[in-house]
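**Q** Structure provided below as structure tokens; questions to follow.
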Amino acid sequence: MPNHFLGVEGASVSFGKREAQVRALRGVSQFFERGKLSLVMGPSGSGKTTLLSLLGCLLSPDEGTVFVEGVPVNGLSEAERTVVRQKKISFVFQAFRLFHSLSAIDNVALGFELRDATLSGRMEMARDLLVRFGLGDKLNQEPNELSPGERQRVAIARALAGNPPILLADEPTASLDAQAGRNICQILRSQVDDDGRTVVVVTHDPRWQEFADRTITLCDGQVEQERNL
Ligand SMILES: Nc1ncnc2c1ncn2[C@@H]1O[C@H](COP(=O)(O)OP(=O)(O)O)[C@@H](O)[C@H]1O
Ligand SMILES: [Mg+2]
């Protein structure tokens, strides 16, 4: 039986009109297995971010179906899709996207609040996550007082607030030096091994391969290669 946990079937996405039209994805069918770390590789402009945006319900395909936790999300209303995004999916980006005037712990606590405003004990849960990521002594620092690697750890902690089963990361180590990058690879790997999350990482960075279960390579909006590692 095919594993339709997270993925796309026959998905096409175009941007722009007529002569200016760009076909970012051309009939891509691809599923990402539950409880695995998958890589999406490929040259710049090959459609990696577009594919991740479909999986994250940030974008709807022109054609085809997107599945999240086995549910075809195309059939849902916009409001229902927003709930899926809030409860099921977290995002990590190259540029961290932290709130600059908030401390590390407030950034993470806000992550909890955005997912569930009724939740109590947000500061304690935020502290626990940051301690787990080795930032116990940086709780009250603002992003500009942290190193790039530390900022990305705060961003991952914020993304994980509310315990979403799926984590999508777009070039999460592209702004980091070798050591900080490796640390982020290990943290996301532990999200799979220790927490059973499903992680999809878009990357150019070959260092990710030793941490991944599977890799697909996009070229010109199509899957060029699939490989189990
Ligand atoms: N919002 C957009 N408007 C217009 N073109 C876009 C938009 N997003 C992506 N594209 C185009 O779609 C193609 C795929 O982009 P993208 O998915 O961002 O590739 P990648 O992440 O692999 O670099 C590129 O040609 C890009 O210029
Ligand atoms: Mg991209």
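The values are calculated or read from the model by the stated rules, or taken from the named source; none is laboratory data. No experiment lies behind these values; they were computed from the predicted model shown. Neighbour counts run over all protein chains shown; Cβ positions are idealised from the backbone, glycine included.
**Q** Within region 40-94, which residues are among the aromatic types (Phe, Trp, Tyr) and within 16 Å of ligand 2 (Cβ to nearest atom)?
**A** Selection gives Phe91, Phe93.
**Q** Out of (1) touching a residue at least 24 places away in the same chain (Cβ under 8 Å); (2) more than 22 Å from Pro206 (Cβ to Cβ); (3) within 19 Å of the chain's Cα centre (by Cα); (4) within 12 Å of ligand 1 (Cβ to nearest atom), the odd one out for Ser46 is which?
**A** (2)
**Q** Anything in region 16-43 that is under 18 Å from the mean Cα position of the chain (by Cα) and part of a strand (DSSP E or B)? List them, or say none.
**A** Of the residues in region 16-43, the ones under 18 Å from the mean Cα position of the chain (by Cα) are 30-42.
If the condition is that a residue be under 18 Å from the mean Cα position of the chain (by Cα) and part of a strand (DSSP E or B), then Gln30, Phe31, Phe32, Leu37, Ser38, Leu39, Val40, Met41 are the ones that fit.
**Q** If you take the residues of region 24-48 that are in contact with a helix residue (DSSP H, G or I) (Cβ under 9 Å, 6 or more places away or on another chain) and among the hydrophobic types (A, V, I, L, M, F, W, C), which of them is nearest to Gly10 (Cα to Cα)? I'd like the intermediate steps shown before the answer.
**A** Just the residues of region 24-48 that are in contact with a helix residue (DSSP H, G or I) (Cβ under 9 Å, 6 or more places away or on another chain), to begin with: 24-25, 28, 30, 32, 35-37, 39-42.
Cutting the leftovers down to among the hydrophobic types (A, V, I, L, M, F, W, C) gives us 24-25, 28, 32, 37, 39-41.
Details: Ala24: 13, Leu25: 9, Val28: 5, Phe32: 15, Leu37: 22, Leu39: 20, Val40: 17, Met41: 19 Å.
Restricting to residues being in contact with a helix residue (DSSP H, G or I) (Cβ under 9 Å, 6 or more places away or on another chain) and among the hydrophobic types (A, V, I, L, M, F, W, C), the top hit is Val28.
**Q** Now for a separate question. Please state which of the following conditions Arg189 fails to meet, knowing it meets all the rest: (1) under 23 Å from Leu58 (Cβ atoms); (2) of a type outside the set (Asp, Glu); (3) at pLDDT 95 or above; (4) in contact with a helix residue (DSSP H, G or I) (Cβ under 6 Å, 6 or more places away or on another chain).
**A** Going through (1) under 23 Å from Leu58 (Cβ atoms); (2) of a type outside the set (Asp, Glu); (3) at pLDDT 95 or above; (4) in contact with a helix residue (DSSP H, G or I) (Cβ under 6 Å, 6 or more places away or on another chain) one by one, Arg189 breaks only (1).
**Q** Just need a number here: residues in region 177-226 that are buried (at least 20 other Cβ atoms within 10 Å of the Cβ) and over 26 Å from Phe5 (Cβ atoms).
**A** So the answer is 1.
**Q** Here's a follow-up. Kindly establish whether Leu98 is surrounded by 18 or more Cβ atoms within 10 Å (Cβ to Cβ) and under 13 Å from the mean Cα position of the chain (by Cα). If you could, list the steps in order and put the result at the bottom.
**A** Values: surrounded by 18 or more Cβ atoms within 10 Å (Cβ to Cβ): yes; under 13 Å from the mean Cα position of the chain (by Cα): no.
In short, no.
**Q** Going residue by residue through region 155-176, is there one that turns out to be more than 16 Å from ligand 1 (Cβ to nearest atom) and more than 27 Å from Thr118 (Cβ to Cβ)? Spell out how you get there, then give the answer.
**A** Residues of region 155-176 more than 16 Å from ligand 1 (Cβ to nearest atom): 155-167, 176.
Next, from what is left, pick out any that are more than 27 Å from Thr118 (Cβ to Cβ): 176.
For region 155-176, residues more than 16 Å from ligand 1 (Cβ to nearest atom) and more than 27 Å from Thr118 (Cβ to Cβ): present.
**Q** Being charged (D, E, K, R) and under 24 Å from Arg227 (Cα atoms), is that true of even one residue in region 62-75? Write out each step before concluding.
**A** Step one: list which residues in region 62-75 are charged (D, E, K, R), which gives 62-63, 69.
Narrowing further to those that are under 24 Å from Arg227 (Cα atoms): 69.
Yes, because at least one residue in region 62-75 is charged (D, E, K, R) and under 24 Å from Arg227 (Cα atoms).
**Q** If you go through region 125-144 one residue at a time, do you hit one that is surrounded by 20 or more Cβ atoms within 10 Å (Cβ to Cβ), under 18 Å from His100 (Cβ atoms), in contact (Cβ under 8 Å) with a residue 12 or more places away in the chain and touching a Pro at 6+ places or on another chain (Cβ under 8 Å)?
**A** no
**Q** Taking the residues in region 197-211 that are at pLDDT 95 or above and part of a loop (DSSP other than H, G, I, E, B) as candidates, determine which candidate is farthest from ligand 1 (Cβ to nearest atom).
**A** Arg197
**Q** Can you tell me which condition Arg115 does not meet? The list is (1) crowded, with 18+ Cβ neighbours inside 10 Å; (2) within 15 Å of Asn163 (Cβ to Cβ), and all the others hold.
**A** (1)
**Q** What do you reckon, is Val13 within 12 Å of ligand 1 (Cβ to nearest atom), under 30 Å from Asp195 (Cα atoms) and assigned to a strand (DSSP E or B)?
**A** Details: within 12 Å of ligand 1 (Cβ to nearest atom): yes; under 30 Å from Asp195 (Cα atoms): no; assigned to a strand (DSSP E or B): yes.
The answer is no for Val13.
**Q** Just checking, which of Leu59, Leu51 is within 16 Å of ligand 1 (Cβ to nearest atom), within 22 Å of Phe15 (Cβ to Cβ), in a helix (DSSP H, G or I) and not basic (Lys, Arg)? First the steps, then the outcome.
**A** Numbers: Leu59 fails: in a helix (DSSP H, G or I).
Step by step, each of Leu59, Leu51 is checked, and only Leu51 is within 16 Å of ligand 1 (Cβ to nearest atom), within 22 Å of Phe15 (Cβ to Cβ), in a helix (DSSP H, G or I) and not basic (Lys, Arg).
**Q** Hey, another quick one. Is there a residue being crowded, with 22+ Cβ neighbours inside 10 Å and either in contact (Cβ under 8 Å) with a residue 40 or more places away in the chain or in a strand (DSSP E or B) (or both) anywhere in region 69-79? Outline the logic, then answer.
**A** Our first condition is that a residue be crowded, with 22+ Cβ neighbours inside 10 Å; within region 69-79, this holds for none.
Checking region 69-79: not a single residue is crowded, with 22+ Cβ neighbours inside 10 Å and either in contact (Cβ under 8 Å) with a residue 40 or more places away in the chain or in a strand (DSSP E or B) (or both).
**Q** Still on this structure, please answer the following. For region 95-116, state whether one or more residues are within 14 Å of ligand 2 (Cβ to nearest atom), in a strand (DSSP E or B) and in contact with a Ser or Thr (Cβ under 8 Å, 6 or more places away or on another chain).
**A** Here is the first cut: in region 95-116, the ones within 14 Å of ligand 2 (Cβ to nearest atom) are 95.
Remaining after also requiring in a strand (DSSP E or B): none.
The answer is no, given that none of the residues of region 95-116 is within 14 Å of ligand 2 (Cβ to nearest atom), in a strand (DSSP E or B) and in contact with a Ser or Thr (Cβ under 8 Å, 6 or more places away or on another chain).
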